[in-house]
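Below: the structure, in structure tokens.
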Amino acid sequence: MTAENGAEVEKPRDAAEKTPWESELASFLTDLSNVQGETLQVLTRKRQCLVGVDTEGLAALAAQEQQVIDHLETCLQRRAQLLQKAEQEGLPSDSIESLTDAIPPGKRRKLGEQVKLVSGQTRLLRHHSLTNWVVVQRTLLHLSQMIEIIATGGKKRPTYSKDVPRDTGGALVDRVA
């Protein structure tokens, strides 16, 4: 292709011609889906340990959790590299979904399905994480109430009072009846 001044101008190439985006995105989405599966297993096991008050099981999960965190960080770095590369090639670089939409229609169908699957798994992981958070918060609330009962002997002190209560010790710890 030649410009008005006669100089050769490079014809813009299709996104798939510059970088094998289909295979790179498919590989990334497959890896991400696998890591999400591992994360789901860890979150499910963790919830079971929390509900069952299995402190040994929770401690045993620590190494597996760290491994999943490492895999997720690797996926995050890989995502950033893919989006940076897309930006350099003038492609949409705000998300994997928008980059996938830039792939020629004939090649993007399977990638679109993978993106939907990964997005669905992300929502599921959020629900599981929230469930675990609620279990932990309820446990902390329960423990805090037990500590308060032990500390006050089960008697609530008035919020506003000029009188100092006579019995300030905990009935379960130091009261001899």
Tail fraction, Cα-Cα pairs, region 37-96, threshold 12 Å, whole percent | 71 percent
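Could you grab the relative contact order for region 15-126? Cα pairs under 8 Å, six or more apart, rounded to a whole percent.
Relative contact order here is 38 percent.
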Go through K85/K110; K46/K85; K46/K155 and tell me which ones have a Cα-Cα distance over 30 Å in this structure.
-> K46/K85; K46/K155
Report the relative contact order of region 84-164, percent, no decimals, based on alpha-carbon pairs under 8 angstrom and at least 6 residues apart.
-> 12 percent
Across region 78-147, how large is the tail of the calculated P(r) beyond 15 Å, expressed as a percent of all Cα pairs?
-> 68 percent
Stokes-Einstein D for region 15-126 at 25 °C, 0.890 mPa s, Kirkwood Rh over Cα pairs, in µm²/s?
-> 159 µm²/s
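Since every read-out is calculated from the coordinates, none of them should be taken as a lab result. Quick caveat, the model's predicted, so the values are computed rather than measured.
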